[in-house]
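Worksheet for the structure shown next.
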Amino acid sequence: MLTTATPPPVAPAGQHHGLAIALFAVIVLVTLGITLWVGRQGSAAEDFYAGGRDFTPLQNGFALSGDYLSAASFLGVAGLIALYGYDGVLYSIGFLVAWLVVLMLVAELVRNAGRYTLADVLALRLRRRKVRAAAGGASVVVTLLYLVAQMVGAGSLVALLLGTNSAQARTWTIIAVGALMIVYVTIGGMRATTWIQIVKAVLLIAGSVLLTVLLLVRFHGDLFELMRQAARHSGAGQRYLEPGLKYGATFTSRLDFFSLGLALVLGTAGLPHILSRFYTVPTARAARRSTMWAIGLVGGFYLMAIALGLGATALVGSAEVRHANSAGNTAVPLLALVLGGGNGSTGGVVLFALISAIAFATILAVVAGLTLASSAAFAHDIWAGAWRGRRRRVAAAGTHRGDAEEEGAENPSEQQEVVVARFAAAGIGAAAIVISLYAQQLNVAFLVGLAFAVAASSNLPVLLYSLFWSRFTARGAVWSVYGGLVPAIVLVFFSPVVSGTKVALFPGVDFHWFPLENPGIVSIPLGFLAGWIGTLTSPEPADADRFAELEVRALTGAGAA
């Protein structure tokens, strides 16, 4: 029976930094090697955007889980459990349940109806440049928010590795990660990004299994003792194992929790970098099988994440986790140090360095996928589909004005698109770096929750309406996207996330009036409502023939790319 926590860990001493940094260097060299090797295999648009569509369901399942299991999962969720116990577990449940929505509603249909991006699905029946522009812009915003979370996690991780809370160390780490992700995308495209995701997923799951086994051995397989020790060293006693430590103390906090849960469950089906993964397999059946593999891998991982969060509290202590990083982002590496033998031990240093390197690989892989999705949305949807399209009159009987705009458009070549996408990756990477420098004190799982809220508010309503509502129109699509996107961003800006609290982006000022940290409970219904109102007030009726074409293609795969 364990009755006391292990002495508080610290980052490895200076003489051991070399091992961890060497492992980081190996991760970077391996991923760069994959990028250079794969980047030579094809330069067509289909290779850049969809990886040639020749990945197997198992490979894509690992890549999907790799895209999804981000720094928020490995660092943020375990950190929240270490700090808040039961309430932190709710994050992992929300992330997992979300995959059932993806499996049942969008996986096969999106694969059949689209080509490279979410806007391709909409354009099959809503052929308007403004629809593409709206969907592409929303995708860029969502992926940018998600990118910030990953880069904040990278800064926290490397600062811990170097044994410092120096803002300078975190800053240079964020800049380095941003530079690497630009290289991955501009050179390797989707094919290289997918292989990096597969390697990362294998490493992440293997590392989690190793830590979980060591933790269970430490407690002789007694999970109840693990929970008792976690409660004892949480600083909150039995309340650590009960609802309400973070959410539930007040009506506002309970409402905030419901808003967060709604965003997590519905947001995955609207994430651009997840939707784009369905285009890397040859058929819709393969897309569904990929999702089933991903559900199994993600489910197993989150079960282990719960155990690791409890282990960090039991063996490290909530106070020490918070001292190392106020948001709890370094709980898992600290736990690895204890499980390996503690401060000053070779085993502790090796395991700490190994887990830190895996976490770093996780961040590198996810930021590559996110940057690719956002650059594809900008180049394929905004630049080529909306901005560069030029109107020509189509003198065909019965042709709608919208048909003239779409079918008569003179669009740039796919090679030009790829060039623009590579430049866009650099610009988006630079923007993510700048924003990340201001968000370094926020929990990465919390930041991802905001990205999920925006995705569920702007992308999911327009996607579901387009796939399942025959009366849906182009005006409804545009209103749906902006009707969810704009309120979500405005509410976040005027929430405690940005001002009014010690951990806000701008802690020295207070201009917040929206009481919730996650806007999903308001912005998600607004997105659906705006799409409904826009459709009912549209001057042009929906095209029944195009909806029938979309329905047949989505359900059967006839004519799919």
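The values are calculated or read from the model by the stated rules, or taken from the named source; none is laboratory data. A quick note: this is a predicted structure, and the numbers were derived from the prediction, not measured. Counting neighbours? That spans all protein chains shown, and the Cβs are built from the backbone with ideal geometry, glycine included. Ligands, DNA and RNA are stripped out before the accessible areas are found, and what is left, the full protein with its side chains, is counted by its heavy atoms. Shrake-Rupley method; radii C 1.70, N 1.55, O 1.52, S 1.80 Å.
Residues checked against (1) at pLDDT below 80; (2) open to solvent by 30 Å² or more (accessible area, probe 1.4 Å):
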residue	(1), (2)
Ser139	no, no
Leu144	no, yes
Ala154	yes, no
Thr164	yes, yes
Ile187	no, yes
Met190	no, no
Might you check whether a residue that is more than 26 Å from Gly178 (Cβ to Cβ) and of a type in the set (Phe, Trp, Tyr) occurs anywhere in region 447-455? no
Consider Gly342 against the criteria (1) touching a Ser or Thr at 6+ places or on another chain (Cβ under 8 Å); (2) buried (at least 24 other Cβ atoms within 10 Å of the Cβ): it satisfies all of them except one. Which criterion is unmet? (2)
In this structure, is Tyr91 among the hydroxyl-bearing types (Ser, Thr, Tyr), touching a residue at least 12 places away in the same chain (Cβ under 8 Å) and within 30 Å of Arg239 (Cα to Cα)? yes
Considering every residue within region 77-85, establish whether at least one is among the hydroxyl-bearing types (Ser, Thr, Tyr) and either in a helix (DSSP H, G or I) or within 16 Å of Asn459 (Cβ to Cβ) (or both). yes
Take Leu271 and tell me if it is closer than 30 Å to Val522 by Cβ and at pLDDT below 85. no
Can you name the helices (runs of 4 or more DSSP H) wholly within region 190-286 that have at least 3 residues being in contact (Cβ under 8 Å) with a residue 24 or more places away in the chain and hydrophobic (A, V, I, L, M, F, W, C)? 223-232, 251-267
Consider Ala82 carefully, then state whether it is touching a residue at least 60 places away in the same chain (Cβ under 8 Å), crowded, with 24+ Cβ neighbours inside 10 Å and under 30 Å from Ala314 (Cβ atoms). yes
I'm checking my understanding of the structure. Among residues of region 494-512 that are under 17 Å from Val448 (Cβ atoms) and either touching a residue at least 40 places away in the same chain (Cβ under 8 Å) or among the charged types (D, E, K, R) (or both), which one is most open to solvent (accessible area, probe 1.4 Å)? Val503
Looking only at region 334-349, count every residue that is modelled with pLDDT under 85 and assigned to a helix (DSSP H, G or I) and tell me the total. 4
Scan region 471-487 and tell me whether some residue there is modelled with pLDDT under 85 and touching a Gly at 6+ places or on another chain (Cβ under 9 Å). no
Testing Gln59 on (1) touching a Ser or Thr at 6+ places or on another chain (Cβ under 8 Å); (2) surrounded by 24 or more Cβ atoms within 10 Å (Cβ to Cβ), one condition comes back false. Which one is that? (2)
Show me the helices (runs of 4 or more DSSP H) entirely contained within region 452-561 in which 3 or more residues are out of contact with any Lys or Arg (no Cβ under 9 Å at 6 or more places or on another chain) and under 25 Å from Val140 (Cβ atoms). 474-493, 520-536
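So for region 529-547 (the condition being within 27 Å of the chain's Cα centre (by Cα), open to solvent by 60 Å² or more (accessible area, probe 1.4 Å) and not β-branched (Val, Ile, Thr)), does at least one residue qualify?
yes
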Given (1) under 28 Å from Ala361 (Cβ atoms); (2) open to solvent by 10 Å² or more (accessible area, probe 1.4 Å), where does Asp120 come up short, assuming only one miss? (1)
Would it be correct to say that Gly52 is farther than 21 Å from Pro333 by Cβ, free of Cβ contacts under 8 Å to residues at least 24 places away in the same chain and of a type in the set (Gly, Ala, Ser)? no
Checking Leu516 against (1) modelled with pLDDT under 85; (2) in contact with an Asp or Glu (Cβ under 6 Å, 6 or more places away or on another chain), the condition it does not meet: (1)
